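The values are calculated or read from the model by the stated rules, or taken from the named source; none is laboratory data. Keep in mind the model is a prediction, meaning the values are calculated, not measured. Please note: Cβ atoms are built from the backbone with ideal geometry, for glycine as well, and neighbour counts cover all protein chains shown. When the accessible area is computed, the model is the full protein with side chains, heavy atoms only, and any ligands, DNA or RNA have been set aside. Shrake-Rupley method; radii C 1.70, N 1.55, O 1.52, S 1.80 Å.
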Amino acid sequence: MTDAQTADRYGVMGYPIKHSRSPVIHRLFAIQTKQNMQYEMLQVAAGKLEQAVDQFMRTGGRGLNVTMPHKQDAQSLCDVLSDRARTAGAINTLTFHDREVHGDNTDGIGLLRDLAINLNIELKGSRILILGAGGATRGITGPLLEVQPSHLLIANRTESRAEEIAEAFEEDGPVEACGFDAPEVDQPFDLVINATSAGFNGETPPYPAGCIGSDTLAYDLSYGLKNTPFADWASAQGAARSVMGWGMLVEQAAESFTIWRGVRPDTAPVLARMKVNAS
């Protein structure tokens, strides 16, 4: 429901990008809220982000989503950062105002809305494990600590990277770091989040033994048309539920859409549509 000649231009930049469902989601949001806009999928290799963003902005683009591997590099392109973007040290939403670039991070709020609203999970007082220490983990650690878990552990293949994130957030709550080869945990976690890129590569990293129990929600930030290796692994370990990141994808997109258009879309029908298409 857009006039291509007058529609406001938005898009997503990443590498690889062909798996992205963001164009479909934003098209559904635009139809629902009667917004005259178009949303493009733009493959941009590492090291080419600045040039690509500048070209998109100069040719009339209004805003961009940024995904792997650009979330941390995008910060240096911003003239203005939101508090949550500054805290995360990673960007997934760019908005252009008179050649000024505004950066935000909607990953954390997208995850929290999916967990609390769509999955009805109580996070206060819970024990949380995040696997991976990249831009996605930086984006969700602060918001997760705001809901006051009893313990948040970040595990990564390279322990020093996990320690960097934990140290950055140590004043915000009970957060620690370890490597994948850490000793076995003494009890399962309530929530285990896979924030590694293994799902995209068809790999199953060496996750800490004993982290999954019969009450555990296993949540993969990756998503796909079939279960990710992590989702299958968590189910095999006896997790209460093992879900992929469709809900976070839709909720973080809704937050970006709201920033750009000033209207919040209803995510429930869009999420239902995405899950149907994925089944």
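What the table below lists for this structure:
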quantity	calculated
Single residue of the range 250-276 satisfying the filter (of a type in the set (A, V, I, L, M) and open to solvent by 20 Å² or more (accessible area, probe 1.4 Å)) that is farthest from R21 (Cα to Cα)	V263
Candidate set from the range 186-213 (those that are open to solvent by less than 40 Å² (accessible area, probe 1.4 Å) and modelled with pLDDT under 90); member that is farthest from Y15 (Cα to Cα)	P208
Residue satisfying condition, being under 22 Å from T216 (Cβ atoms) and not small (G, A, S), within set F169, F189	F189
Test result for A177, in contact with an Asp or Glu (Cβ under 8 Å, 6 or more places away or on another chain) and either in a loop (DSSP other than H, G, I, E, B) or among the charged types (D, E, K, R) (or both)	no
Positions within the range 173-182 being at pLDDT below 95 and closer than 18 Å to A136 by Cα, in sequence order	C178, G179, F180
Count of the range 146-173 residues which are over 17 Å from N194 (Cα atoms) and either open to solvent by less than 20 Å² (accessible area, probe 1.4 Å) or part of a loop (DSSP other than H, G, I, E, B) (or both)	9
